[in-house]
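What follows is a short report on a single structure.
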Amino acid sequence: MKEILNKNLNANQQEAVLYTEGPLIIFAGAGTGKTRVITHRIVHLLSIGVAPWSILAVTFTNKAATEMKQRVVELSHETGKKVWISTFHAFCAYFLRVEDVKIGLKPNFLIYDFDEQKSVIKNCLKDLNLDEKKFKIPNIADKISRAKDDLKTPSDMASQAKEDGDLMGTTIAKVYQLYQKKLESSASLDFGDLIMRTVVSLKQYPALLEHYQKKYKYIMIDEYQDTNRAQYMFAKLLAAKNKNICVVGDDDQSVYSWRGANINNILDFKNDYPNAKTIKLEQNYRSTPKILKTAHKVIKHNNTRVNKQLWTQNPDDGTVSVLNAATENDEATKIAEIISLKTISAKYNLSDFAVFYRTNAQSRTFEDAFRRAGLSYAIIGTLKFYDRAEIKAIMAYLKLIHNPNDNISFKRIINIPKRGIGKTSVEALEKFSTIKNISIWQAIDLVQEANLTKKAVIALKSFVLFIKDFINLKNNISIKDMAEKVILHSGYLKKLKDENSHESKIKIENIQELISAIDDFEKRSPDKSLAGYLTQIALINDIDSLDESKGKITLMTLHLAKGLEFKNVFLCGLEEGLFPIWESAFNSKELEEERRLMYVGMTRAIKNLYLCWAAERTIYGKIKRNVPSRFITEAGLIEKIIGRQQSIKNFNQKFNKTKQNTMPNRKQYNNFPIAKTSYRNKNSRKYIHINDELTEDESLYIPNLNSSLYKIGTIVSHPIFGKGKIIERNGIGDGLKLIVLFETGQWKKLLARVINLSIIS
């Protein structure tokens with residue numbers, strides 16, 4: 001074992017492996033050999049006589065657990081097979097199966113998945129006479145899951161809601177209580193129950209806790225920065241007797257607070273174990289010095305972190321580049337060109353490239369660009385863009401408008417959103433159409449013969465009229481306009497907005513991206529007909545002959561990138577409002593998590609790192625002007641964009657002579673080079689133009705503004721950009737400049753006396 005340690009591990013890694021007695025926290029930076037340390041530590045424990053069944057190692061993914069198990073077995077042979085290495089949920093499921101009778105569980109209990117969980121909640125709402133439109137099932141499911149992550153019972157939730165005066169929370173607590181009763185009556189648990197019931201049982205049955213404390217004398221927790229309260233308590237309870245607990249993680253890579261992870265678990269480890277040994281793994285074996293230095297420049301801006309800096313002995317032969325694109329399509333095209341050139345040189349395979357983005361909706365432009373370039377790709381963790389349910393639904397509407405006899409599209413959307421046409425009615429109508437040898441659409445004209453309920457008949461005929469209106473319109477409006485009207489008037493968009501869940505927000509983003517894709521098609525294609533568009537999409541989906549001999553480009557969101565590495569990494573959409581996502585600007589904790597997510601993405605790169613941003617991005621068919629993400633600035637790759645100050649100075653001097661109660665003549669501003677929108681100023685009755693940056697050509701003077709009202713944090717409203725929040729300000733008086741982050745994600749730099757904002761709060 002000593003030879004293995006000397007050969008495979010550096011000094012800090014060896015220290016972590018050999019420290020076996022007492023609490024230990026290992027801050028393992030990205031690419032510092034974390035898995036190697038955990039597996040070697042387990043093997044070392046075995047080599048000094050620790051029984052394999054006395055060791056428990058838990059992590060978060062089956063992939064990580066499998067890799068650890070394989071490495072331990074390779075190093076220790078048969079003995080390593082007896083060590084328990086698994087995910088948290090797998091161990092807790094095992095515990096509950098073994099101890100079911102002792103802890104009051106019925107034998108052979110079921111574990112419900114998320115869809116089954118939502119079905120139970122749906123029944124609860126019905127029993128409680130609660131309106132699904134007001135109490136959204138996915139939202140309630142998420143709140144129940146988070147409650148279980150925090151070890152909160154229905155009573156706990158109800159008490160907290162009462163204390164906060166939260167009427168909605170009080171009602172959700174009632175749903176939670178009934179939900180648990182239904183699970184119990186059906187002898188079922190959900191995923192949140194697996195860990196919560198384990199922790200509750202260990203607390204409730206001291207003899208059981210003592211048994212497992214004696215059994216597992218050495219405990220190792222991987223990715224400790226991602227643990228929630230239930231997982232934290234699980235580890236703390238089992239380690240309470242022997243205190244031989246080793247936690248491994250990196251606070252700089254804590255990016256899952258939205259699913260219950262608490263970064264304080266790793267930062268406050270020494271509060272629970274004052275005598276804990278701390279070891280930092282800072283030697284990186286993955287990336288070049290340039291990549292590591294650039295990543296550190298970004299992450300050091302976080303205040304909530306342990307001080308550490310990665311270094312490496314790797315040669316500094318890679319690059320860190322900023323790729324500035326004109327649009328999102330230009331961004332994707334440029335990336336495709338770079339990949340093509342690098343693969344043609346035979347230096348890299350397609351599998352050496354990864355494209356990371358902040359939101360799922362961004363994948364569409366890359367899919368389109370890679371298809372056009374003949375580059376094979378794989379989307380990890382999500383469906384391909386055109387395979388997503390919400391995209392298939394909108395496409396089905398368009399197909400049915402084009403060809404009403406398309407039975408597949410008819411059945412897909414007849415109840416999206418719900419129209420009161422049940423499964424039984426659809427099945428009866430389909431059976432009737434088969435007997436008559438006609439399409440379902442044609443069968444609706446004979447619906448009286450199909451023995452359907454009056455309610456179903458009315459709903460079907462209403463649906464037919466809806467589609468017929470679009471059939472009459474299809475040759476007179478653009479595909480984009482038609483798609484927007486379908487999304488709006490079908491009620492599907494409203495349904496998703498009312499749902500107001502993490503899942504529904506992603507679906508809305510994807511639908512908005514579809515509108516952008518249609519807009520792009522109409523700009524590029526000579527055939528702008530609906531038939532032409534549907535044909536193009538059909539051809540894209542049918543392409544299955546791409547050369548896969550050299551692997552595929554990886555496409556994924558940044559949240560899925562942890563633990564992976566690629567020779568070439570593209571971080572895309574690095575624009576204020578997109579990454580960091582716009583909401584994070586209002587919350588320092590959320591902003592720090594966005595920065596950690598950026599750090600995770602940067603440290604996946606082995607040789608070449610590209611930070612990409614687009615000056616314009618089409619959102620829901622509308623052009624949004626962008627400024628580069630603050631993360632690019634923090635990385636020291638571009639200077640902070642503060643506007644064209646000399647132009648502003650010249651403009652101010654020009655209008656100092658203008659009388660306060662007069663407005664410049666509109667005529668002299670007809671040829672603004674960047675002006676895109678205008679609104680009517682109610683006081684002056686003249687049109688003024690609103691633009692992304694302030695220049696003498698683009699700004700107009702509005703007198704008599706009280707600039708002292710514009711404080712950081714003030715919620716304001718703009719007639720064009722909508723609601724936003726002031727996040728920065730500098731200067732005084734007439735020179736006061738504001739940075740406003742709008743709900744649309746747009747980040748605008750404004751001169752207070754030039755732009756008339758309404759203060760909301």
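General observations
- The charge dipole of segment 177-254, taken about its Cα centre with unit charges on the Cβ atoms of Lys, Arg (+1), Asp and Glu (-1) only, comes to about 640 debye.
- Take 64-73, 709-718 and order them by the average number of nearby Cβ atoms within 10 Å per residue, most first; the result is 64-73, 709-718.
- Per-peptide average of other Cβ atoms within 10 Å, ordering 212-218, 222-228 highest first: 222-228, 212-218
- The distance from the alpha carbon centre of segment 59-138 to that of segment 273-303 is 33 Å, rounded to a whole number.
- The phi torsions of segment 284-298, fed into the Karplus equation with coefficients 6.51, -1.76 and 1.60 and a -60° offset, translate into couplings of 8, 10, 9, 9, 7, x, 5, 5, 5, 5, 5, 5, 5, 4, 7 Hz, rounded to whole numbers, with Gly and Pro shown as x.
- Using a probe of 1.4 angstrom and keeping all protein chains present, the accessible surface of the chain works out to 46 square angstrom per residue.
- Shape of segment 155-262, Cα gyration tensor, a/c cut at 1.5: oblate
- Qualifying lysines (Cα of each under 18 Å from Cα of LYS528; at least 8 residues distant if same chain): LYS399, LYS474, LYS480, LYS485
- Overall form of segment 347-498 per C-alpha gyration tensor (a/c, 1.5; a/b vs b/c): prolate
- The chain: calculated mean residue ellipticity at 222 nm from DSSP helix runs of at least 4, using -39500 (n - 2.57): -13500 deg cm²/dmol
- Simple Cβ-charge dipole of the chain, Lys/Arg +1 and Asp/Glu -1, about Cα centre, in debye nearest 20: 1360 debye
- Accessible surface of segment 435-576, 1.4 Å probe, proportion on carbon and sulfur as whole %: 50 percent
- C-alpha center-to-center spacing [segment 155-179, segment 382-452] in angstrom: 40 Å
- Net charge, ALA93 excluded, C-beta distance under 13 Å - Lys, Arg +1, Asp, Glu -1: -2
- Of all lysines in the structure, the ones whose alpha carbon falls short of 16 Å from that of LYS270, not counting any fewer than 8 places away in one chain, are LYS236, LYS243, LYS280.
- Taking a ≥ b ≥ c as the square roots of the eigenvalues of the alpha carbon gyration tensor, the chain is oblate, as a/c is not under 1.5 and a/b does not beat b/c.
- Legend: distances between Cα atoms for LYS497/LYS737; LYS293/LYS711; LYS505/LYS607; LYS63/LYS136; LYS507/LYS622; LYS411/LYS624; pairs beyond 27 Å are LYS497/LYS737; LYS293/LYS711; LYS505/LYS607; LYS63/LYS136; LYS411/LYS624.
- Net charge dipole, segment 3-161: roughly 240 debye, given to the nearest 20, about the Cα centre with Cβ charges of +1 for Lys and Arg and -1 for Asp and Glu.
The values are calculated or read from the model by the stated rules, or taken from the named source; none is laboratory data. Source: prediction; values computed, not measured. No Cβ is skipped: glycine too gets one built from the backbone with ideal geometry, and neighbour counts run over all protein chains shown. Only protein heavy atoms, including side chains, enter the accessible area calculation; ligands, DNA and RNA are left aside. Shrake-Rupley method; radii C 1.70, N 1.55, O 1.52, S 1.80 Å.
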